[in-house]
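Please read the structure below before turning to the comments.
The values are calculated or read from the model by the stated rules, or taken from the named source; none is laboratory data. Remember, predicted model here, so these are calculated numbers, not experimental data. Cβ atoms come from the backbone with ideal geometry, glycine included; neighbour counts cover every protein chain shown. Accessible surface areas use protein heavy atoms only, side chains included; no ligands, DNA or RNA. Shrake-Rupley method; radii C 1.70, N 1.55, O 1.52, S 1.80 Å.
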Amino acid sequence: MKSILENISKYVSLTPEEEALFISKTATKTFKAKSILLSSGEIANSTYFVNSGILRSFNINDNIIEHVLHFACEGWWIGDMYSYISGKPGNLFLEVLEDAEVVEITKENQEILYQEIPKLERFFRILAEYSLVSHQERLMDNLSLSAEERFEKMCKKYPDLIQKVPQKHLASYIGVTPEFFSKMKSRLLKK
């Protein structure tokens, strides 16, 4: 629980009593690689903080092509926020790519924590704002940068992730086929 409490303390200060209450409303779980935490069509009742391992969120289009929306490694949060907030079935899958330990917080417990520890609303608002900025930046990159530029930017921003995530998932994240990704990566390495 130390990792998640450190994550929270970057934005708000909790008393020891508030930390204990927060911990009591979460559950630490371990999952093996390839575990699916959420499937498309299900309602997301939880979000996850990653203590260790790597997760990804993705959807599958009508042509059975996967589109990776987000990766989450140690110290990151992940969930299907559309479904979590709206209470409607989502269209994302959450998959464990590398054996993981996560802290799960349910929507019900998060609402209780908002009542009991109002400053946690500020914390989660800040997370939502950073997420919005990140998604907007990614959207703008997809509209204005070439695949090579998107990949180079991702390498600079997330160097550790590049080494751990399978190439087919990296290709999907930047919006290219695995074959194109492999050729592009070869060209970049020759530079």
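Overview of values
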read-out	value
Top of L143, L37, L170 by mean-square fluctuation, Gaussian network on the chain, Cα under 10 Å	L143
Cα-centre dipole for the chain with unit charges at Cβ (Lys and Arg positive, Asp and Glu negative), debye to 20	820
Residue among K156, K32, K107 with the largest mean-square fluctuation in a Gaussian network model of the chain, springs linking Cα atoms under 10 Å	K156
Tensor-based shape of the range 27-92 (alpha-carbon gyration tensor, a/c under 1.5 rounded, otherwise prolate or oblate)	oblate
Amide proton proximity set for I54, modelled H, under 5 Å, gap of 5+	L97, E98
Cα-based Lys pair tally, the range 50-191, threshold under 15 Å, eight or more apart or on separate chains	7
Max mean-square fluctuation residue, GNM over the chain, Cα-Cα springs under 10 Å, options K157, K25, K34	K157
3J(HN,Hα) from dihedral phi, the range 40-50, Karplus parametrisation 6.51/-1.76/1.60, rounded to Hz, x for glycine, proline	4, x, 8, 8, 7, 9, 9, 10, 10, 9, 8
Accessible area of E116 in the full protein assembly, 1.4 Å probe (Å², nearest 10)	120
1.4 Å probe accessible area per residue over the range 131-176, in Å²	63
Sulfur and carbon atoms: percent of accessible area, the range 50-179 [1.4 Å]	54
Residue-averaged 222 nm ellipticity for the chain, from DSSP H runs of 4+ at -39500 (n - 2.57), nearest 500	-15500 deg cm²/dmol
Directionally averaged projected area (convex hull, Cα atoms, the range 1-58), nm²	5.0
Long-range HN-HN contacts of W76 with modeled amide H, under 5 Å	V50
Sorted largest first, extent of the range 39-135 alpha carbons per principal axis (Å)	45, 29, 24
Where N is the number of residues in the range 121-180, Cα Rg divided by 2.2 N^0.38 Å	1.28
Tail fraction, Cα-Cα pairs, the chain, threshold 31 Å, whole percent	21
Which of S144, I23, S182, positive extreme of dipole for the chain (C-beta unit charges)	S182
Solvent-accessible ranking of R138, R125, largest area first, probe 1.4 Å	R125, R138
Percent breakdown of C-alpha pair distances by 10 Å bin, ordered from the shortest bin, for the range 147-191	29, 65, 6
